[in-house]
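To keep things clear, I will list the structure first and then write my remarks on it.
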Amino acid sequence: LDDIQWADDASINIIETLISDDQNPNSLMILGMFRSNEVDESHTLSRAISSLKEDQKSSNFFSITEIKLDNLALDDVNKIIMALLSIDNELETYELAELCYRRTLGNPFFLIEFLKMLEEKEMLKFNLGQFRWVWDLDEIEEETASTENVIDLLNSKMKELSPQIQELLLYAACLGSTFRLKELHIVLQHKKYQHLEDVPKLMRQIEEQLFIEPSSFEWNNFESGSALLTYRWVHDKVQEAALSLVENQQELSKMQFEMGQVLYRELSKKEVGKISLFVANMLNFGLNNGQKSLDFAELNLLAAEKAKRVSSFQTAAKYASAGIEFLPPECWTTDRSLVVQLHSTGAEMLSALGEIEESNRFCDFILSKEFSALEKVRVCKVKANSLASADRKYDESINVCRNVLKELGFPIPKNNVSIGYKAVAGVIRTSRETKNNSRTEASIITDRHILAIMELLDRLYYYSYMSSNTMLFLLSLTQILQLTTLHGICKQSPPALVVWGMIQGSILGKPKAGAQSAEKAMRMQEKLSSQAVEAATVCRAHVLVFPWSFSLHDSVKPLLDRAYKCGMQSGEVDTAMLAYAAGDVSIPFIMGRKLRVIRDGCDLGIAQAKQVKCFDNVLYLQMVLQAIENLEEESNNTVLLKGTVIDEDKINLSTPIDRVLLNHVKTFLYAIFAKHKLGAELALVKGNEFSKASPGNVSGMYDTFLRGVSLYAMARKTKKKKFKRGAKEVRKVMKRWLKEGNPNVRHYVYLFDAEQSVLEKKYDAAENFYRQGIRITTRAGYLHDSGIINERYAEFLLDVLSKKNEAKVRLEKAVNFYKEWGATAKVKALAPEENIPSELFFNT
């Protein structure tokens, strides 16, 4: 498979599935080639390769081998020339190789073309008298001085062919990277090509020149215009060279536009639809001359939607923009649907690409005209998303949704008392309805008006959640679920049901019911067959609900990877980046995975989040990355978030959740670096703000644990009641979670039981609890938690039981865990030169 950097997301998914299919009993080898200079870290192909490499670590079913091919070095070029010319003395060919290297820069394709040209022009020829290859280096230098690149070389070669072949090459190149003879025949007839009967022979001659190759079908009757053979250019530079046979770019554009018109006119609508991308490409050259055509605008919309379906957002945006340019003035009054669809599609695609300014321009056009509320829904969603993601103006996003909902006859109250009353009533009603109602069997909503309301409510509860507007969040969420009960399911129903499951577990204290709601939602989304719905449902279920009832080891990463892919492929970049941040950073962090792995996840996530303008994710990932730099001793600070990534004193904390996230990362650093006085004071000030601001978030359980570590450390050290009360409250929450079936907090509970036992002077019980906690964390691979519990156990052994040798053993174990984790700064702080002095074990 060549040039897979151009493959759409669906094709890459198929390749990935074929490789990783462990149910296939047949052997399969796939060779894929791509240009690395066209594939950055955020490219779908890069992500797929990384995912397969990760899967390979735990599977013996397949293996991935990556071979990086650079351009040929001078010595390699010389060896190739020696082999081709059957010469053994490398000095004999070195100067020729040096010239060839300068002309081709070591590109293998260019090198072969250059050598072929030298032979054809008899600058490199076989002398029968001497029975060897001969050449005149000065002649080659002079004759090829104007050949700066392979396009010049190929262009010169083409110009030596007959005029009828050159003409054929030019028309074929205008048709695209692949072309059917049927379309070529139509163009040739229109151009009154004088050699129609010779086309089969001429095409074979072009094949012999290695410019093109057949890619599908067989010869049919060419004279009847029904030839079905499809050709492709052997290299994109060959097509480029054929196009350069016309030196005047304006003349070439005019020719391509004319060809597009011919094909649009001569082919049936169904046939145009099959090759809409190629026809649209040619027609779009007419934009340079100010052409206006509703037909061509509609064709570009068709091409944009086709590109959107295969997740080629850049291409889709290009076609939508071209379609808008083809629209005649004031057509919005006569062809409203076409105008709305082009602007909405363009705005959605540009927003997904992070081109917010241009996206807003398309949105503002629709919003400035007298379109109905129903017609404005798509651009309103894009506008609101842009305000939230790029500018983080959640209140403005909420107002955009509110205004359109009002126009749709579904007003949302602005008075906080009214919102609160309706929210509580909605929660009570939804609680009652979800006990026995199974929405998975409900019919799918088709009413456009109801669907529009559902779309806006979906956005409204998301923005409310992000801005910590709890009552508005509950109101808009429960309204979606009530509309689902009344009218059936739609794309917003499964994700909303998952969030309701989060409320059942985190707010109403019914995690089992919450998990059941999430499982219902997972079944429901299968009925809708939508990547966007799958992304939102899977992501929210595995970040907000299932971690409170199921082990984090239960295949969370592959499922969140799937949510990420579906989100990116469907344009739901907010969901995709949330899935990425959880699957590649937050959950691995909670599970104590090695810091270098999480660092890589942060680096890639930051780059991609910036690209798609998801700045919520950027700030969080930067905080985590700076914390990792502190731990890896790449910063002069330990608990201050100041370094090469961010400076906590200069962060713009523009939303309530920003401060919560900063406090969360600071709490983590205080606990790890044993700055427990700072950690305990912060814990008392912030309380369970994380769980309040982001209920259900899996990181909430870890934040609670970290608060407890510092609170218990200071309770033991100072014996102050405020620390004891805070610590006991955290332990109470943890034990409740464990009782409710959360398997991920068991080792947290063991540590807090041990710490509480120390306070109560039940030392034998304390030792037992410490050891049980260590056993669980070691078995599960929680490197940082293993370090923390061993460190706390060591301090107990030294300070309370005066068992110096045993304390040293435990502290050495803690050092080893921190070292394996990658926290070199912590290792250095805990055990300078790993020679642990008994007097300086701990610093709170």
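Miscellaneous remarks
- Ranking of 821, 135, 6 by solvent-accessible surface, largest first: 6, 135, 821 (1.4 Å probe, protein heavy atoms only, all chains present).
- Normalised by the number of residues in the chain, the mean separation of alpha-carbon contacts (under 8 Å, six or more apart) gives a relative contact order of 6 percent.
- Note: relative contact order over the range 695-792, using C-alpha pairs below 8 Å and six or more positions apart, is 20 percent.
- Start at zero, step by 10 Å, and the Cα-Cα distances of the range 400-471 spread as 16, 41, 37, 5 percent across the bins.
- Taking label points 7 Å from Cα along the Cα-to-Cβ direction, residue 740 and residue 407 give a separation of 4.1 nm.
- For a modelled paramagnetic label at residue 156, 7 Å from Cα along Cα-to-Cβ, the residues of the range 92-136 in reach, with backbone nitrogen under 13 Å, are 100, 103-104, 113-124.
- Among 108-118, 735-745, sorting by the average number of other beta carbon atoms lying within 10 angstrom of each residue, highest first, gives 108-118, 735-745.
- Cross-link reach is defined here as a Cα-Cα straight distance under 18 Å, omitting same-chain residues fewer than 8 places apart; for residue 191 the lysines meeting it are 182, 254.
- Exposure check, 1.4 Å probe, all protein chains in place: residue 156 carries approximately 50 Å² of accessible surface.
- Average projected area [Cα convex hull, the chain], square nanometres: 45.0 nm²
- Checking the Cα-Cα distances for 79/157; 717/819; 116/157 against a 20 Å cut-off, the pairs over it are 79/157; 717/819.
- Dipole of the range 550-684, positive end: most advanced residue of 663, 591, 551 [Cβ charges, Cα centre]: 551
- A 1.4 Å probe run over the protein chains yields, for the range 554-678, 35 Å² of accessible area per residue, whole-number rounding.
- Neighbour net charge for residue 644 - beta-carbon separation under 9 angstrom, K R +1, D E -1: -2
- Distance in nm between pseudo-label sites at residue 637 and residue 512 (7 Å out along the Cβ direction from Cα): 4.6 nm
- Averaging Cα coordinates gives a centre for the range 386-415 and one for the range 257-330; these two points are 34 Å apart.
- Ranked by how many other beta carbons lie within 10 Å on average, peptides 702-708, 685-691, 657-663 from highest: 702-708, 657-663, 685-691
- Hits among aspartates and glutamates - C-alpha to C-alpha of residue 803 under 18 Å, sequence gap 8 or more where chains match: 755, 764, 767, 791, 795, 812, 839
- Carbon and sulfur %, accessible surface of the chain computed with the full protein complex present, 1.4 Å: 50 percent
- Where labels lie 7 Å past Cα in the beta-carbon direction, separation of residue 198 and residue 367 in nm: 6.2 nm
- Distances between placed amide hydrogens fall under 5 Å for residue 125 paired with 134, all partners being 5 or more residues away or on another chain.
- Over the range 636-761, the reciprocal of the mean inverse Cα-Cα separation, the Kirkwood hydrodynamic radius, stands at 15.1 Å.
- For the range 233-372: accessible area per residue (Å², 1.4 Å): 46 Å²
- The length gained on full extension between residue 120 and residue 468, counted as 0.36 nm times the residue separation minus their Cα-Cα distance, comes to 117.9 nm.
- Relative to its Kirkwood radius, the Cα radius of gyration of the range 155-302 gives an Rg/Rh of 0.95.
The values are calculated or read from the model by the stated rules, or taken from the named source; none is laboratory data. The model shown is predicted, which means the values in this text are computed figures rather than measured ones. In this analysis, Cβ positions are derived from the backbone assuming ideal geometry, glycine residues included, and neighbour counts consider all displayed protein chains. Calculation scope for accessible area: heavy atoms of the full protein, side chains included, ligands and nucleic acids excluded. Shrake-Rupley method; radii C 1.70, N 1.55, O 1.52, S 1.80 Å.
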